[in-house]
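Report on the structure given below.
The values are calculated or read from the model by the stated rules, or taken from the named source; none is laboratory data. Note that this is a predicted model, so its numbers are computed, not measured. Cβ sites come from the backbone with ideal geometry, for glycine too, and all protein chains shown count toward neighbours. Each accessible area value is taken on the protein alone, full model and side chains, heavy atoms only, with ligands, DNA and RNA left out. Shrake-Rupley method; radii C 1.70, N 1.55, O 1.52, S 1.80 Å.
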Amino acid sequence: ARAMLSVASRCFRAVSATVPAQPSLRRACVGHTQRVVPQTRRCTVRCHATTSGPGALGMTKVLFVEVGMGADQHGQDATKAAVRACRNAIEFNSIPSIKDIVPGGYDAMKLHIQLGVPHSFLDSVDLEKVKAVFPYGNIVEPVDIGPGGLLAKSGIAIAEMGDTNDDFLIVVASITVGY
């Protein structure tokens, strides 16, 4: 299960250059090794080994973390999968006491969004549509998006449904709630 998690959910640090064209292994943070995948996008990444705690997420206090998974079986739409992952993370929760436990209530609640997306689809996620999933709270910028999720095969490509191939796109999301 750990292999399927986004590198974003295990170990991050600021990336200042485009990753090499060929996959290779490198030390990410103390005790972790990450696989570098080809990509053309620069991602903001954090390493929990050096920047942990609520302050690393732009918060004073972390209350809870919600996780979700979203998929697009036909059409290879990373935004649709990311929106579904975020909805999956929050849709089975009811927290009526937020106004009592967060100073300032819903208006002061902060949400940190972290997405693991297959590397070839990183640039295609519309982050404004992802942020629109959340009915209240303030999104902590930037939304962290990094290589992760899963690109599987659906076994069929249906052109009428927008398929260009039989890729089954899966995105994972971690939503941290705090203030």
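Subtracting the Cα-Cα distance of N138 and M161 from 0.36 nm times their residue separation leaves 4.8 nm of extension gain. Here E141 sits with roughly 110 square angstrom of accessible surface, probe radius 1.4 Å.
Rolling a 1.4 Å probe across the protein heavy atoms gives the stretch 106-179 an accessible surface of 45 Å² per residue. The label point for K99 and the one for F64, both projected 7 Å from the Cα toward the Cβ, are 1.8 nm apart. Taking every C-alpha pair closer than 8 Å and separated by at least 6 residues, the mean separation divided by the residue count of the stretch 92-160 gives a relative contact order of 38 percent.
Taking the accessible area of the stretch 111-179, probe 1.4 Å, and keeping the other protein chains in place, the carbon and sulfur fraction comes to 57%. From most to least packed by mean Cβ count within 10 Å, the peptides 113-121, 88-96, 147-155 give 113-121, 147-155, 88-96.
With 19 Å as the limit, the listed pairs K110/K131; K129/K153; K131/K153; K61/K131 have K129/K153; K131/K153; K61/K131 beyond it between alpha carbons. Between E91 and S124, full extension at 0.36 nm per residue minus the direct alpha carbon distance yields a gain of 9.5 nm.
The P(r) of the stretch 85-137 has a tail past 14 Å containing 62 percent of all C-alpha pairs.
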